[in-house]
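Structure record follows, encoded as structure tokens.
The values are calculated or read from the model by the stated rules, or taken from the named source; none is laboratory data. For clarity, every value in this text was computed on a predicted model and none was experimentally measured. All Cβ positions, glycine included, derive from the backbone under ideal geometry; neighbour counts span all protein chains shown.
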Amino acid sequence: MAKSELEAALPLASQLKSQVSSGDAVGAVESATGLSSHAKEAAALTDDPIWRTAEVIPWVGPNLTVMRELSATVNDVSRFGIGPLTSLAGSIGLSDFKPVDGRVDLQPLRDAQPALADASISVNDAIARVRGIEAEGTLLPLVDARQKLLDSLLEASSSLTILNKSSQLMPAMLGADGPRNYLVLFQNNAELRSTGGIPGAMAMVQTNDGSMSLTQQASASSFPKFPAPVIELPQETRALYGDNTAQYMQDVNFTPNFALSGQIAREMWNQKHGVQVDGVISLDPVALSYLLTATGPVTLPTGDELTSDNAVKLLLEDVYARYANPAEQDAFFASAAAAVFQKIAAGDLEPQELISALAKSGEENRILLWSAHDEDQAILADTTLAGGLPVSDDSKQNFGVYLNDSTTAKMDPYLEVSISAGQKVCRNDGLPTNSVQVTLTNNAPVDAATSLPSYVTGGGLFGIPPGNIRTNVAAYGAPGLYNLGVARDGARIENQGGSDDGYGVSKVEVELAPGESTVLDFQFLGDLPSTRPVTVQHTPLVYAIETLPLVVECGAVLK
């Protein structure tokens, strides 16, 4: 009977999600009422004295315990998580994130904040509770039910976290308490930097009472080399990435720590233009292509039609074949960014597609945000938008791989990157070796020296043959792990070892001719074997990649 009640409740939860989003207040209340009734009945059926007594019976008991705990969890989520959300149906929906005549109405977001916060807390509490349920050795349907419930809660938590933090951040960021200015950096993945690509086109956006306006545009090339770092860099950053990080606007994101990049860019903008912006936002052409799925095609002043399908190729390849002058390239980037911004600000978009585009860009670390306001930055701190160093938790052991171009050209669309990671115990002391393998391949045409524009290849400047790609690769271990070093194509190589905010770092430089490939193996010694999957946070590339599982061979482990 309890199983039947829970099975009846689950479809209503999925139905309720779409009803709340669409603003169907009547349907949402009906679904919530039905879900609550089924969940309450399942909890009541599994929480009487006879059931509790039966839980002590060998073999049978653990199954009853799991069933009771699952039922109680669903009931609590229904009461404390879904209940608050149904109060939002009809008062806020995805359309509230859509600008109308250049302005977002901020009041619905403010009104929704308490309910979203309560729902988010309830779901996160439920996740912790389900993770604590010991289902090993129980019946397979119960094991599956626990996992399905956990997966559903994790999905709900992700969506609620975005909505909850948005409701806290957006009113202030959009000028609810007075005008704000934000510096927007458009990163160009054709020349890689740790957080994506070299900053090229730039813009300042002003917000005020929900309205947004583009007030100024510039290019990174218009900034001088500052005679000294514009802010005091941490000693570790200077050792790994050099003073150029805080002297050239194009190099502010050598470091993978975007909060530091944001502070540097803010001060450079202030020294050149006399405005202390309230924050720094970064996005790349791939994120722009995602946004174009929401806005539809955009016509540029040049007559080009920018679409979600052609944006990356047009902005990262075609523009260099068309314009040899860097100033003209920057102007093209600026016009593309301005055209998309104006369409979004005017509300000429599909809200559902916009939310999906922003979520996808955030998951791939293609949109980053740093706020000069401490209260805003505290909200951002544990999100992908903050652009922080890799964080490990109960669900994963997370490493970092960051790429910086040193070809000083635009060859990185031809750089193919794959990443795999794994762990194995190969030592007598039982300590595990974590291995992160990075495979780099130069896919440029063999005749790249003559078939590609010199602005793309670098033209042989800095002693790099045209067509070659030179890349700095930095691998970050998890805090507390010991850095074992690096192997290239199976042989140990020298590397620049160091640390960054408690993370052990190995850094190497690789140069590849067209058609050449190499495998870098970064290894870190753990303190205890982990059953958590090994994951890797990495520089966003022109294309999306996934970390592949790696079978670590003990013969390849560095001693």
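If you go through segment 321-353 and pick out every residue that is surrounded by fewer than 20 Cβ atoms within 10 Å (Cβ to Cβ) and in contact with a Lys or Arg (Cβ under 7 Å, 6 or more places away or on another chain), you end up with 2.
Under 30 Å from Ala444 (Cα atoms), surrounded by 13 or more Cβ atoms within 10 Å (Cβ to Cβ) and within 26 Å of the chain's Cα centre (by Cα): which single residue out of Val505, Val486 fits that description?
Numbers: Val486 fails: within 26 Å of the chain's Cα centre (by Cα).
The match here is Val505.
All of Ser499, Ser454, Ser506, Ser530 fail the test of being closer than 30 Å to Ala324 by Cα, in the same structural domain as Glu416 (by TED's automatic domain parsing) and polar (S, T, N, Q), apart from Ser454.
When Val446 is tested against (1) among the aliphatic types (A, V, I, L, M); (2) surrounded by fewer than 20 Cβ atoms within 10 Å (Cβ to Cβ); (3) touching an Asp or Glu at 6+ places or on another chain (Cβ under 8 Å), just one condition goes unmet, and that condition is (3). Out of the residues in segment 222-248 meeting the condition of being part of a helix (DSSP H, G or I) and loosely packed, with under 14 Cβ neighbours inside 10 Å, tell me which one is modelled with the highest pLDDT. Filtering segment 222-248 for residues that are part of a helix (DSSP H, G or I) and loosely packed, with under 14 Cβ neighbours inside 10 Å, the one modelled with the highest pLDDT comes out as Gln235.
Kindly indicate which of Ala13, Ala25, Ala42 is of a type outside the set (Asp, Glu), more than 30 Å from Ala345 (Cα to Cα) and modelled with pLDDT under 70. Just a single option satisfies the conditions, and that option is Ala13.
Counting only residues that are aromatic (Phe, Trp, Tyr) and either modelled with pLDDT under 80 or under 30 Å from the mean Cα position of the chain (by Cα) (or both), segment 46-105 holds 2 of them.
Out of Ala112, Ala117, Ala145, I need the residue that is over 30 Å from Ser211 (Cβ atoms), out of contact with any Gly (no Cβ under 7 Å at 6 or more places or on another chain) and not β-branched (Val, Ile, Thr). Which one? Before you say what the answer is, go through the steps one by one.
Numbers: Ala112 fails: over 30 Å from Ser211 (Cβ atoms); Ala117 fails: over 30 Å from Ser211 (Cβ atoms).
Being over 30 Å from Ser211 (Cβ atoms), out of contact with any Gly (no Cβ under 7 Å at 6 or more places or on another chain) and not β-branched (Val, Ile, Thr) holds for just one of Ala112, Ala117, Ala145, which is Ala145.
Can you tell me how many residues in segment 271-293 are within 17 Å of Gln217 (Cβ to Cβ) and assigned to a helix (DSSP H, G or I)? The total comes to 4.
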